[in-house]
Each structure stands twice: as C-alpha cells, then as structure tokens.
Amino acid sequence: MFGRLRSGLARTRAGIGGGLANLLLGEKVVDEEALEELETALLLADAGVETTQGIISRLTGRVKRRELANVDALFQALAAELTDILAKHAHGFSVDSENRPFVVLVVGVNGVGKTTSIGKLAHLLKQEGKSVLLAAGDTFRAAAVEQLQIWGERNGVPVVAQHGSADSASVIFDAIESARARGIDVVIADTAGRLQNKANLMEELKKVCRVMAKLDPDAPHEVLLVLDAGTGQNALVQARDFKDIVGVTGIVITKLDGTAKGGMAFAVAEQTQLPIYFIGVGESLLDLRPFDPGEFVQALLAPGD
Ligand SMILES: Nc1nc2c(ncn2[C@@H]2O[C@H](COP(=O)(O)OP(=O)(O)OP(=O)(O)O)[C@@H](O)[C@H]2O)c(=O)[nH]1
Ligand SMILES: [Mg+2]
C-alpha cells in the first residue's frame with residue numbers, strides 16, 4: 001500500500017523531494033543558496049507563500065544557530081517541519097457508533113471528486129464492518145444519480161435517490177429515515193458541486209443541514225470538503241467559502257496522483273486548521289487512503305524512483 005501511495009505522489013515528489021535532492025546534491029554546506037532552492041521547490045509544489053515562508057524562516061533560524069551543519073541535517077529538519085504542519089490538526093476519521101446512522105455530508109465544487117470519493121469511502125467503511133447507505137443528494141444533474149448508483153452496486157450498498165426534479169434536502173432526509181429504519185451505521189450524502197450560482201449552492205447546503213437536524217440535531221456528524229489537489233492555491237478559497245457556510249469538519253484531497261502541486265496539502269492543513277482525513281491517489285476503489293502525516297511526508301521526500 002505504501003508503494004501505491006509513493007507512485008501516486010510521484011509527480012509531487014519529483015517536484016519537492018526529487019527536485020530538492022538533486023538541487024542539494026553536491027552542496028556540502030547549508031548556505032543561503034540552499035535555502036533559496038528549498039524555498040523555490042516548495043513554492044513550485046504549491047505549498048503557498050505563507051506556509052513556505054514559515055518553514056524557510058524557521059529553518060534559517062536553525063542554520064544561523066548552527067544546528068543544521070549539512071544538507072542531510074537540513075533534509076531531516078525539513079521533513080520534521082512538514083510533518084509538524086500536517087500533524088498539528090490531524091486526527092483520524094472515525095464513525096461514532098453512538099450516532100446511528102452516523103451522517104457524513106460530502107461537499108465541494110464541481111468535478112473535484114466528491115462522488116468518486118464517496119464510492120471509495122463506502123468501500124473503506126464496509127471493510128471496517130460498517131453498514132453503509134448512500135444518499136444521492138446531487139439532484140442537479142441526472143447523471144449524478146446514476147454515477148452514485150454505480151458506486152452503490154460496486155460496493156453492494158443501498159442508494160437512496162429520487163429521479164426528476166427532487167430537492168436535495170428531501171432526498172437526504174429520506175435517506176436518513178431509511179437508514180434509521182434499517183439499522184444502518186453510516187449514511188454518506190452526495191451533493192451538487194454546481195447550481196445556478198454559488199449563492200444557490202450555499203443556500204441549498206444550509207437547507208440540507210437544517211432539514212437533517214430535524215431528524216437528528218447532531219447531524220451531519222461530519223462534513224467532508226473535497227478539494228482537487230490540481231487546483232493548488234485555489235483550494236484555499238474554496239475551503240474558506242465552505243467552512244463559513246456549512247461548518248466543514250474535515251478535508252479530502254483528491255487527484256494527488258495527477259499533479260505536481262501536492263504541496264497544497266501543507267497550505268490547506270495550516271490555513272484551514274482542519275484535519276485532512278483522506279487522500280485520493282487514483283480512480284479505483286482502493287485509491288482513497290486514510291491520511292497519515294508521517295507516511296505522506298516520507299512518500300514525498302523518499303529518494304528517487
Ligand atoms: N486520478 C484521479 N482521478 C480522480 C480522483 N478522484 C476523482 N477522480 C476523477 O475526477 C473526475 C470527477 O470526479 P467526480 O467524483 O465525478 O467529481 P464530483 O465532485 O462528484 O463532480 P460533480 O458531481 O460534477 O460536482 C472523475 O473522472 C473521477 O474519476 C483521484 O484521486 N485521482
Ligand atoms: Mg458528483
């Protein structure tokens with residue numbers, strides 16, 4: 001599984017890890033130039049200006065205090081810095097069995113990978129022995145319902161949907177009621193990524209939350225915001241928008257396999273102060289992984305392929 005993560009992160013690794021290793025190769029002393037190269041590599045991987053500057057200034061301080069005598073020590077210190085940033089707000093996604101059904105609302109702009117991540121998450125939860133029901137809350141596109149139904153079939157889990165011009169909140173309400181009646185552990189609700197405009201989308205999501213609170217005042221128990229790694233720094237803007245409106249509780253970063261901008265994970269972790277629960281490193285059922293900061297940094301900085 002680590003191999004799958006490593007290969008998924010190959011592009012970003014080439015950007016940060018490989019790039020750095022090559023840049024720093026041959027340099028025996030850690031000087032200003034080495035730190036500048038490091039800074040450039042982080043910015044190119046989309047770690048963001050603020051996060052990058054924080055890292056560089058802390059490392060510069062340590063170099064000045066002569067704590068980092070050689071490139072090897074600098075690399076170790078970088079790994080520790082990166083892991084700390086990811087670990088600060090990290091905790092694992094877990095289903096609280098006190099809440100049944102445990103309701104997970106999945107939000108994000110269009111095309112980021114919400115529906116696909118739901119399919120993969122259903123697989124992970126089933127492997128944990130949980131019963132799962134999917135709610136086809138994206139009623140904006142007809143094809144969205146079918147797409148979720150396919151994931152339902154793949155996983156052997158029920159999908160609650162209404163065809164036609166159903167209202168998202170009422171579909172999700174039905175799904176929770178149905179899960180309750182069947183004694184199902186987890187409901188994962190899909191939502192639209194695009195409506196007529198952003199204000200409509202945010203209104204709809206607020207309504208979804210309001211309506212499900214009628215069945216369970218604590219629902220949704222988790223609100224997962226899905227971010228596409230390829231969008232780099234724009235993900236931060238999306239995070240701010242959704243956080244304000246629907247109280248996001250955790251992040252899923254998708255498509256890390258298709259981009260060299262995986263450094264955005266550091267900016268997202270630091271700026272949103274939310275846990276990253278899962279990362280997507282491919283399109284198959286097995287390509288959603290629980291996020292582990294140490295493992296992620298190791299996969300990024302491990303020497304070349
Ligand atoms: N390579 C790769 N592709 C992914 C990943 N996650 C999702 N995709 C692909 O991204 C595309 C969009 O995924 P969807 O799950 O439909 O995205 P969505 O957010 O539900 O989109 P809307 O319903 O239109 O808002 C699909 O082609 C997925 O296969 C990933 O981790 N890696
Ligand atoms: Mg979708």
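The values are calculated or read from the model by the stated rules, or taken from the named source; none is laboratory data. These numbers come from a predicted model, not from an experiment. Quick reminder, even Gly has a Cβ in these numbers, built from the backbone with ideal geometry, and neighbours come from all protein chains shown.
So Asp287 clears everything in (1) acidic (Asp, Glu); (2) away from ligand 2 (no atom under 16 Å from the Cβ); (3) without any contact (Cβ under 8 Å) to a residue 60 or more places away in the chain except one condition, right? Which one? So Asp287 meets the others, but not (3). Val252 fulfils the conditions (1) within 18 Å of Lys120 (Cβ to Cβ); (2) surrounded by fewer than 24 Cβ atoms within 10 Å (Cβ to Cβ) except for a single criterion, (2). For the residues Gly262, Gly193, the requirement of being in contact (Cβ under 8 Å) with a residue 60 or more places away in the chain, more than 16 Å from ligand 2 (Cβ to nearest atom) and in contact with a Lys or Arg (Cβ under 8 Å, 6 or more places away or on another chain) singles out Gly262.
I'd like to check something: does segment 298-305 contain any residue that is under 14 Å from Ala87 (Cβ atoms) and modelled with pLDDT under 95? Looking through segment 298-305, at least one residue is under 14 Å from Ala87 (Cβ atoms) and modelled with pLDDT under 95.
For segment 282-296, filtering for residues that are assigned to a loop (DSSP other than H, G, I, E, B) and closer than 14 Å to Phe2 by Cα leaves 5. Tallying residues that are in contact with an Asp or Glu (Cβ under 9 Å, 6 or more places away or on another chain) and either surrounded by 24 or more Cβ atoms within 10 Å (Cβ to Cβ) or more than 15 Å from Phe93 (Cβ to Cβ) (or both) within segment 280-296 yields 5.
Is it true that Arg100 is crowded, with 16+ Cβ neighbours inside 10 Å, of a type outside the set (A, V, I, L, M) and more than 19 Å from the chain's Cα centre (by Cα)? So Arg100 passes the test.
Among the candidates Pro293, Pro275, Pro217, single out the residue that is free of Cβ contacts under 8 Å to residues at least 60 places away in the same chain and more than 22 Å from Gly111 (Cβ to Cβ). Only one candidate qualifies: Pro217. May I ask you to say which residue of Val160, Val104, Val145, Val112 is within 27 Å of Leu201 (Cβ to Cβ), more than 16 Å from ligand 1 (Cβ to nearest atom) and among the aliphatic types (A, V, I, L, M)? Criteria check complete, one pass: Val160. Can you tell which of Ala41, Ala79, Ala69, Ala73 is more than 20 Å from Gly250 (Cβ to Cβ) and crowded, with 19+ Cβ neighbours inside 10 Å? Matching residue, one of Ala41, Ala79, Ala69, Ala73: Ala41. Scanning segment 251-281 for residues that are in a helix (DSSP H, G or I) and of a type in the set (A, V, I, L, M) yields Leu256, Met264, Ala265, Ala267, Val268, Ala269. Summed over segment 124-146, the residues that are within 16 Å of ligand 2 (Cβ to nearest atom) and either of a type in the set (A, V, I, L, M, F, W, C) or closer than 19 Å to Ala179 by Cα (or both) give a count of 10. One residue alone among Ala169, Ala135 is within 22 Å of Val112 (Cα to Cα), more than 16 Å from ligand 1 (Cβ to nearest atom) and not charged (D, E, K, R), and that residue is Ala169.
If you check Ala239 against the conditions, is it buried (at least 24 other Cβ atoms within 10 Å of the Cβ), under 20 Å from Leu42 (Cβ atoms) and in contact with a helix residue (DSSP H, G or I) (Cβ under 9 Å, 6 or more places away or on another chain)? For Ala239, the condition - buried (at least 24 other Cβ atoms within 10 Å of the Cβ), under 20 Å from Leu42 (Cβ atoms) and in contact with a helix residue (DSSP H, G or I) (Cβ under 9 Å, 6 or more places away or on another chain) - is not met. A residue that is aromatic (Phe, Trp, Tyr) and either in a loop (DSSP other than H, G, I, E, B) or touching a helix residue (DSSP H, G or I) at 6+ places or on another chain (Cβ under 8 Å) (or both) cannot be found anywhere in segment 97-113.
Would you say Gly262 is under 22 Å from Phe291 (Cα atoms), modelled with pLDDT under 95 and surrounded by 22 or more Cβ atoms within 10 Å (Cβ to Cβ)? The answer is yes for Gly262.
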